[in-house]
1. Taking the chain as a Gaussian network, Cα atoms linked when under 10 Å apart, which of A76, A115, A224 shows the biggest mean-square fluctuation?
2. So what is the relative contact order of the chain, in percent, for Cα pairs below 8 Å that sit 6 or more residues apart?
3. Bin width 10 Å, origin at 0, all Cα-Cα pairs of segment 112-249: what percent of pairs per bin?
4. Does segment 126-179 classify as rounded, prolate or oblate by the C-alpha gyration tensor (a ≥ b ≥ c root eigenvalues; a/c under 1.5 gives rounded; else a/b over b/c gives prolate, otherwise oblate)?
5. Could you sort the peptides 53-59, 40-46, 230-236 by per-residue average Cβ neighbour count (10 Å cutoff), highest mean leading?
6. How big, in percent, is the set of alpha carbon pairs in the chain lying more than 25 Å apart?
Amino acid sequence: MRTDPPARLRDVDARLRLGAAVAACCVAAGARSPVTPAALLLLACAALRLQGTPARAVLRAAAPAAWIGAVAAALALALTPGAPLLPGATFPVDAITAEGARRAVTLGARVLAAAAVLRWLAGAAAPAEIEAALAGLGVPAALVELLALTRRFAGVLQRAADSAWSAAALRGGFTRPGAAARSAGAVAGVVALRTLERSESAALAMQLRGYQGKLPVADRRTSAPAANVAFAAAALAALGLSVAAGEAG
């Protein structure tokens, strides 16, 4: 994962980068037409490619969001009433309504667009810059600290989950549906116990290192006014074009 933003974005205020990402996610979430989030998805993917992110990495990062979007789309198809999309079709295709299909596409596009925008933010701003931007925007210090601690220990918990999952798989815990359900519960229990253990160890280590109830936040990088104006104009243009495409569609 990138820990330093691209050179072309280093001169842009981190608050602007964070604000642009949040605004894009809000626009995608509130869009009535699937065209708006689809346009944002394309723009975010283009921005990722300009940052040098390989196409394979973009697709790999979108895989979890694709599963979530697929589940949301399937629920929309199954639960939305209305006129059938294909009258006279056989079951279960005849149960799909035109409104359900539109909602399914919209939900899927929303999830993928938000995931792509957040992936762009992860490459456009270092974690320390995001924390400094949040502090500069007046976000409560407790929330900034919680996010910082979550970021620091997310990798530790991921490794614990991978280790427990691999151990269960090597013992044949996923060969049958019933065994898979029990193994998944056991893995969740192991991860929960290790989370408690690591949190206690981390709290003790922080106290021994002189923790006084407040984590230090890095100072914001000095920004260039011209870069800020250019970035703000580009972000507003991208959001405006996406909204206009949705209205036209």
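1. A224
2. Relative contact order, the chain: 34 percent.
3. 9, 23, 26, 21, 17, 4, 0
4. Values: a/c = 5.05, a/b = 3.73, b/c = 1.35.
Taking the square roots of the gyration eigenvalues as a ≥ b ≥ c, segment 126-179 is prolate.
5. Packing proxy ranking, top to bottom: 40-46, 230-236, 53-59.
6. Details: 18323 of 30876 pairs.
Of all Cα-Cα pairs in the chain, 59 percent lie more than 25 Å apart.
Since every read-out is calculated from the coordinates, none of them should be taken as a lab result. This structure is a prediction, so every number in the text was calculated from the model and none was measured. Counting neighbours? That spans all protein chains shown, and the Cβs are built from the backbone with ideal geometry, glycine included.
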